[in-house]
Amino acid sequence: MNQSSNELGEVRTRIAPSPTGMLHLGTARTALFCWAFARHHGGKFILRIEDTDFERSTEQSVQVILDSMRWLDLDVDEGPVRQSERLPRYREVLEAMLVDGRAYHCYSSKEELDALRDTQTARGDKPRYDGRWRPENIRGQMPPAGVAPVFRFRNPDDGDVAWNDLVKGPISISNRELDDLVIARSDWVPTYNFAVVVDDADMQISHVMRGEEHINNTPRQINLYRALDWKPPHFGHLPLILAPDGSKLSKRHGAVSVMQYDTDGFLPEALFNYLARLGWSHGDDEKFTREQLVEWFDLRHVNRAPAQYNLDKLLWLNGEYIKEADDQRLARLVAPRIEARGLQLAAGPSLIRVVALLKDRSRTLNELSDSASLFYRDPVFDTKILAEHLNAQGRSVVQAFRESAKATTWERSALNAAIKKIVSDFKLKMPQVAVPLRVAVTGQPQTPSIDAVLELFGKETTLARLDAALARADSAQL
Ligand code: GLU
C-alpha cells in the first residue's frame, strides 16, 4: 500500500473540524496552537474538513469554518482537504485489511449488541464487543441473509498501547480495555477513528494536537497505525477550556462561535492573542503579537490543567488592541455598525476623527459604535436631564458660550479658551460650564472632552444645536 508517514522530516500539523455547526472557541484554540507550532518550526499547517457524517455536515458550516479561520488569520498551507472526496482511499485501505483479517465483517444486529451489553453489565463487566464475528470465531458459520455487515478492526487482545503525550506525558492503556472498533459502516463510509488515521498518515502529519476529549481515541488509532505498519505521529492533547465557574464551557458563558466575536465587536487580533493564552503561557506576558507567539510557542508551556475562559480579560485585551488600532481601519469596522442603527454617516463629522477621539475608552467595536453614534443623531432630550443641567444658570452659560462661539476659531484649543473664559467670568467650576454644554449639544451629560466634541461637530452644527436646546429648555419652562 502506498503510504509513508513523516518521511519529509518536517513538522506538519492539521486542524480537522467537522462541518456540523459553527467553529467553536475550543477548535479555534486548537487550530491556533497547531498553526503556531507549525510556524515556529517552519513547517506546514493543514486544514481538513471531516465531513463523512453526511446527514449533519453542511456547506454552510464549511463556509463558517473557512470564514472563521480567515478572520483569525490562521493561514493554511494545504487544504481544505475533504474526507468526502477520499472515500475510495479509505475503501482501498479497508479492502487490504479485510484480505488478511486485520478487519472483518460484523453481522451483529443492534438488538444482539444491546443484549450482549446488558448481560455484561449485569455481570458487572465493562461492556465491550466480544469478537463473535472475528474470522477465527465463525469457522463454518454462514452470515445471516439480507444483513449488510459493518466493518470492525481486529484490535490486539494483549499488550499495551503507550505513547508519550506531548502535553500530558507518558500514557499507557492495556488492550484489554479496548475492543474491536467499527471502522466503517456497511456502506463503506469510514468512522472517525479510521478516516483520521488514513488521513493523518497520507497527509504525513507529524504532530497531532487536539482537544483532550479525544484522548480515548488515541490508543485505538495507534493500534490501527500498527496494524497498517505505519509510523504513528506524535500526539498531544490540549487541556479543556472551562467556564469561569469551572463547569464545561457553554453558550451561557459567552459566545462560543468564533464569528460571534466578530459580531460582538472584538478585533480578530485580540481574540487571537486571548486564545493563545488559553492553555499556554510565556511568563507573565498577556499581550503579544502573532510574530512573538510564533517565536515563543512551544509545547513545554502548554498547561496540563484546564484553561479558564475569562470574558473580562478578553474585553481588556480587546480594549488595548482598539486603542492601538489604525483610525481608518476602526472607522471602516464601525461604519456598518452605526448604519445598522439607522443613522447616516453623512449627517455628522468624519468618522475617522470620531473614532480617534473615542477609541481610548471603548472595549469593543460595539461600545465604540455606541459612543460614536452620538455624532450622527439628533440629541434626544430627557426632561430630567434638561431640568438638572439647563436650568437658569445652565442656560446663561450656554448663551454666553453661543455668543463667544460665533467669533471663535473652530479649533480645539480656541474652544477650550472660550469655555475657560466663561468659567472665570461666571466664577464657576469647569463642570458647571462643560456639562450644560454637553447636554445642549448631545443631550448627554457625559461625553469625551467637550472642546474636542465641539470641534468635531463644527461651528454650524454646534450653533444650531445650542439654539435648539435653548428653545427646548425655554419651552419646557425649566
Ligand atoms: N473532527 C474531529 C473533531 O472535530 C477531529 C479530531 C482530531 O483532531 O483528530 O473533534
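Taking the alpha carbon gyration tensor of the range 365-478, what are the square roots of 5 times its eigenvalues, largest first, to the nearest whole Å?
19, 18, 13
Excluding residues fewer than 8 places away in the same chain, name every one of the lysines whose C-alpha is closer than 28 Å to that of Lys406.
Lys420, Lys421, Lys427, Lys429, Lys459
Counting Lys and Arg as +1 and Asp and Glu as -1, each charge on the Cβ, what is the dipole of the chain about the Cα centre in debye, to the nearest 20?
1360
For helix 192-202, report the angle its Cα long axis makes with the longest principal axis of the Cα atoms of the chain; keep it between 0 and 90° and round to the nearest 10°.
Taking the Cα atoms of the chain, the angle to 192-202 is about 90 degrees.
Towards the positive end of the charge dipole of the chain, with charges on Cβ (+1 Lys, Arg; -1 Asp, Glu), say which of Ile173, His40, His253 has the farthest Cα.
After comparing all options, I get His253.
Treat the count of other C-beta atoms within 10 Å as a stand-in for reagent exposure and order Val197, Val441, Val380 from fewest to most.
Ascending Cβ contact count within 10 Å gives the list Val380, Val441, Val197.
So what is the relative contact order of the range 143-261, in percent, for Cα pairs below 8 Å that sit 6 or more residues apart?
The normalised contact order for the range 143-261 reaches 24 percent.
For the chain, take every pair of Cα atoms, bin their distances at 20 Å starting from 0, and report each bin as a whole percent.
Bins of 20 Å from zero give 19, 37, 23, 14, 6, 0 percent of pairs.
So what is the relative contact order of the chain, in percent, for Cα pairs below 8 Å that sit 6 or more residues apart?
Normalised by residue count, the contact order of the chain is 13 percent.
If the cut-off is 22 Å between C-alpha atoms, which lysines fall inside it for Lys359, apart from same-chain ones fewer than 8 positions away?
Hits, sequence-local ones excluded: Lys287, Lys313, Lys323.
Read-outs throughout are calculated quantities, based only on the coordinates presented, and are distinct from any laboratory measurement. Note that this is a predicted model, so its numbers are computed, not measured. In this analysis, Cβ positions are derived from the backbone assuming ideal geometry, glycine residues included, and neighbour counts consider all displayed protein chains.
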